[in-house]
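Enquirer: One structure, pasted below without further comment.
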Amino acid sequence: MYPNLYYFLYKAFGIQQPWGWTRYVNTFGFFVALSFIAAAIVLTAELKRMERAGWLFPREENHIVGKPATAMELLLNGLFGFLIGYKIVGIFFSPGDLSPQEFIFSTQGNWLAGIALGLGFAGMKFYEKNKQKLDQPEERKIRVWPHERVGDMAIIAAFFGFLGAKLFDNLENWDRFIQDPVGNLLSPSGLTFYGGLIVAAVAVIYYAYRKGIKIKNLVDGAAPALMLAYAVGRIGCQVSGDGDWGILNSAYYTKVDGTVVPATDSSFKNVIYANNEFYRGQFGEDLTQIPSASVKAPSFVPTWLVAYPYPHNVNNQGFKMVACPGNEYCKALPIPVFPTPIYETIIGLALFFFLWSIRKKLKIPGQLFAVYLVVNGLERFFIEKIRVNTKIPHTNMTQAELIAFLLIVGGTIYYFWLRRNQNKKAEA
């Protein structure tokens with residue numbers, strides 16, 4: 001596992017970076033950012049295609065051109081630059097004794113970098129506005145195409161997606177949340193995909209509606225983009241070991257150095273009871289009810305593809321391994337688990353190419369998104385069968401299973417409703 005850049009440099013190249021800043025470059029955040037970039041590229045390409053086909057149109061907006069920078073603009077840009085310098089630059093020169101979220105919400109930072117970037121950002125805004133300044137500012141109409149708004153949509157999706165992911169995760173794990181509300185809210189792990197998807201979708205659709213973008217065409221363009229973002233994001237879950245893994249594979253157990261070896265029924269039970277405090281914290285007092293399956297890897301498949309102990313996982317879950325570099329993120333799972341993020345990345349990429357291949361064949365606006373809802377729901381519904389997740393009280397379903405089931409049903413109904421309406425229009 002590579003919870004951050006420090007461990008990647010050490011494991012891949014044997015470099016033990018003496019400064020603390022490499023520990024703040026988290027791999028999970030890197031792949032989440034990469035997933036947004038990938039989705040933005042795909043969505044932009046699709047919206048441009050729809051614009052060329054005459055399905056989407058620009059919207060004229062009034063802009064005041066030639067005004068000098070206002071005091072508020074300079075103040076906001078300066079404040080933004082100061083925060084980046086004080087916190088983001090400061091984190092790279094910190095001693096590394098705080099976690100990223102603790103550092104961000106602490107009073108620590110780099111004053112010199114903050115002041116320098118604050119003045120720099122304010123100065124750039126002043127220069128930019130001054131260069132465009134006119135003796136008499138004038139109002140002009142500017143045509144803005146839907147694809148030119150993808151940057152705004154990505155920012156909205158990132159902000160509301162994170163809020164939704166944290167909200168749904170803490171609702172799903174309410175007992176854990178009430179024990180440490182601040183810690184759970186600030187934790188880099190514990191993000192529910194469907195929570196982020198739902199809240200971000202509502203926010204982006206509202207924004208698109210306000211900007212006059214046809215919603216059915218927009219969601220069609222977003223369908224393959226969302227699937228690709230999901231696949232890329234799951235790479236971050238796997239590489240960092242953020243807890244989104246599967247049930248225990250009782251055919252193996254983990255040695256003290258983090259390697260995986262075959263297990264017998266007795267050795268599996270011995271490992272469970274030797275780590276009873278860890279497993280009771282996850283699954284409750286009855287250790288006989290821990291979800292598990294015994295699957296031995298075929299000779300042509302590497303063992304880690306069915307049994308992975310997530311050494312150096314970012315959540316620090318499991319037992320402490322011997323001879324761990326850095327004495328940080330030194331834990332591995334006593335019984336390896338099914339690495340479901342790998343499965344979801346593979347399936348997600350396959351579904352992305354499937355949606356990409358049929359996007360021009362479905363002529364009714366909205367149908368591609370309906371197909372996305374169905375295949376996304378099917379993928380998540382079945383992967384939940386081998387994932388560790390909290391069940392909804394008084395049911396045998398997880399939150400993700402329930403939402404996935406609703407997506408399958410809703411997507412199917414929406415697909416045939418669109419086709420029926422199209423047939424009625426054709427008859428008319």
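The values are calculated or read from the model by the stated rules, or taken from the named source; none is laboratory data. Model, not experiment: these values are computed from the prediction. Note that each Cβ is placed from the backbone with ideal geometry, even for glycine, and that neighbours are counted across all protein chains shown.
Enquirer: Would you say Asn275 is farther than 30 Å from Phe13 by Cα, of a type in the set (S, T, N, Q), in contact with a Phe, Trp or Tyr (Cβ under 7 Å, 6 or more places away or on another chain) and not assigned by TED's automatic domain parsing to the domain that holds Gly221? Steps first, answer last, please.
Expert: Details: farther than 30 Å from Phe13 by Cα: yes; of a type in the set (S, T, N, Q): yes; in contact with a Phe, Trp or Tyr (Cβ under 7 Å, 6 or more places away or on another chain): yes; not assigned by TED's automatic domain parsing to the domain that holds Gly221: yes.
Spelling it out, Asn275 is indeed farther than 30 Å from Phe13 by Cα, of a type in the set (S, T, N, Q), in contact with a Phe, Trp or Tyr (Cβ under 7 Å, 6 or more places away or on another chain) and not assigned by TED's automatic domain parsing to the domain that holds Gly221.
Enquirer: Given the options Met72, Met50, name the one that is touching a Lys or Arg at 6+ places or on another chain (Cβ under 9 Å) and either assigned by TED's automatic domain parsing to the domain that holds Ala222 or part of a helix (DSSP H, G or I) (or both).
Expert: Met50
Enquirer: In this structure, is Gly161 buried (at least 19 other Cβ atoms within 10 Å of the Cβ) and of a type outside the set (Ser, Thr, Tyr)? Break it down into steps so the answer makes sense when it comes.
Expert: Details: buried (at least 19 other Cβ atoms within 10 Å of the Cβ): yes; of a type outside the set (Ser, Thr, Tyr): yes.
Answer is yes for this residue.
Enquirer: Quick check on my filter: what residues within segment 178-197 are at pLDDT below 70 and either surrounded by 15 or more Cβ atoms within 10 Å (Cβ to Cβ) or outside the structural domain of Pro393 (by TED's automatic domain parsing) (or both)?
Expert: Asn184, Leu186, Ser187, Pro188, Ser189, Gly190, Leu191 - these are the residues of segment 178-197 that are at pLDDT below 70 and either surrounded by 15 or more Cβ atoms within 10 Å (Cβ to Cβ) or outside the structural domain of Pro393 (by TED's automatic domain parsing) (or both).
Enquirer: With assigned to a helix (DSSP H, G or I), of a type in the set (Phe, Trp, Tyr) and loosely packed, with under 15 Cβ neighbours inside 10 Å as the only criterion, which of Trp417, Trp356 stands out?
Expert: Going through Trp417, Trp356 in turn, the sole match is Trp417.
Enquirer: Does segment 222-242 contain any residue that is of a type outside the set (A, V, I, L, M) and not in a helix (DSSP H, G or I)? Steps first, answer last, please.
Expert: Taking segment 222-242 and keeping what is of a type outside the set (A, V, I, L, M), we get 224, 230, 233-234, 236-238, 240-242.
Next, only the ones that are not in a helix (DSSP H, G or I) stay: 241-242.
Yes; the residues of segment 222-242 include at least one that is of a type outside the set (A, V, I, L, M) and not in a helix (DSSP H, G or I).
Enquirer: Which of the residues that make up segment 107-153 are hydroxyl-bearing (Ser, Thr, Tyr) and in contact with a helix residue (DSSP H, G or I) (Cβ under 8 Å, 6 or more places away or on another chain)?
Expert: None; the set is empty.
Enquirer: Please go through (1) within 29 Å of Leu5 (Cβ to Cβ); (2) touching a Leu at 6+ places or on another chain (Cβ under 9 Å); (3) in a loop (DSSP other than H, G, I, E, B); (4) of a type in the set (Gly, Ala, Ser) for Gly348 and return the number of the only condition it doesn't satisfy.
Expert: Among (1) within 29 Å of Leu5 (Cβ to Cβ); (2) touching a Leu at 6+ places or on another chain (Cβ under 9 Å); (3) in a loop (DSSP other than H, G, I, E, B); (4) of a type in the set (Gly, Ala, Ser), Gly348 violates only (3).
Enquirer: Still on this structure: Tell me which residues, restricted to segment 9-28, are of a type in the set (S, T, N, Q) and modelled with pLDDT under 75.
Expert: Those that are of a type in the set (S, T, N, Q) and modelled with pLDDT under 75: Gln16, Gln17, Thr22.
Enquirer: Identify, please: which residue in segment 129-143 is in contact (Cβ under 8 Å) with a residue 24 or more places away in the chain and assigned to a helix (DSSP H, G or I) and is, among those, nearest to the chain's Cα centre (by Cα)?
Expert: Out of the qualifying residues, it is Lys129.
Enquirer: May I pose another question? Quick check on this structure: which one of Glu73, Glu60 is surrounded by 15 or more Cβ atoms within 10 Å (Cβ to Cβ) and closer than 30 Å to Ile142 by Cα?
Expert: Criteria check complete, one pass: Glu73.
Enquirer: Of the conditions (1) in the same structural domain as Leu228 (by TED's automatic domain parsing); (2) within 23 Å of Leu287 (Cβ to Cβ); (3) over 19 Å from the mean Cα position of the chain (by Cα), Leu406 fails just one. Which one is it?
Expert: Leu406 satisfies all of (1) in the same structural domain as Leu228 (by TED's automatic domain parsing); (2) within 23 Å of Leu287 (Cβ to Cβ); (3) over 19 Å from the mean Cα position of the chain (by Cα) except (2).
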